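Each value in this text was obtained by applying a stated rule to the coordinates, not by laboratory testing. For clarity, every value in this text was computed on a predicted model and none was experimentally measured. A quick note on method: Cβ atoms are made from the backbone with ideal geometry, for glycine too, and the neighbour counts reach across all protein chains shown.
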Amino acid sequence: MTKRILYTSMVAMTVVLGGCSVAKNEAPLPTTAGEGREIAQQHIRTVDVEAFAEVIAAPDIVVLDVRTPAEYAQGRITADAKNINFYDDDFRAQISALPRDASYALYCRSGSRSGKTRALMKELGFRNVTELRGGINAWKQAGKPTVQ
């Protein structure tokens with residue numbers, strides 16, 4: 001009898017406690033600033049050339065070019081694009097050192113390295129990252145200008 005009561009109690013506690021937890025892919029409930037906390041929502045996305053052009057026109061956007069220095073020297077989307085070489089041994093550390101609350105526009109040559117970088121930035125808790133679908137190749141194919 002005691003074992004049955006103990007077992008029933010454990011099952012009931014598991015159900016109650018399990019129902020109170022947040023599932024892995026379920027977003028936590030937002031809180032208000034009045035409670036002393038503010039939830040920072042992530043806005044991580046991949047966009048086409050036209051949308052990317054609008055994003056980089058915004059003030060205070062940090063444009064990240066994750067191509068090699070040789071690729072970067074051949075031309076970039078904006079004069080102030082910050083080059084962080086995806087293939088550097090300390091690439092993750094360089095990305096980790098960036099402010100999480102800044103807004104970033106991200107691209108590479110064709111979209112592979114920037115896609116991996118976007119995923120890394122999401123994992124690291126960056127709030128606002130916009131990746132260019134197709135990279136600088138798509139940008140050039142659309143007739144958009146580059147700078148040296």
**Message:** For a quick check: with amide H placed at 1.01 Å from N, whose amide H comes under 5 Å from Ser103's, ignoring anything fewer than 5 positions away on the same chain?
**Reply:** Val62
**Fill in**
Karplus ³J(HN,Hα) for segment 57-64 (6.51 cos²θ - 1.76 cosθ + 1.60, θ = phi - 60°; Hz, whole; x = Gly/Pro) runs 7, 6, x, 6, 7, 9, 8, 10
**Item:** Contact order normalised by residue count of segment 40-141, Cα under 8 Å, 6+ apart, percent
**Value:** 38
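What's the long-distance tail for segment 102-145, i.e. % of Cα pairs beyond 13 Å?
Details: 484 of 946 pairs.
Roughly 51 percent, rounded to a whole number.
Against the empirical 2.2 N^0.38 Å scaling, what ratio does the C-alpha Rg of segment 45-148 come to? List each step's numbers first, then the result.
Details: Rg = 12.3 Å, N = 104, 2.2 N^0.38 = 12.8 Å.
Expressed relative to 2.2 N^0.38 Å, the Cα Rg reads 0.96.
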**Request:** Consider a paramagnetic label point 7 Å from the Cα of Ala58 along Cα→Cβ; state which residues of segment 105-148 have an amide N under 12 Å from it.
**Result:** 105-106, 127-131
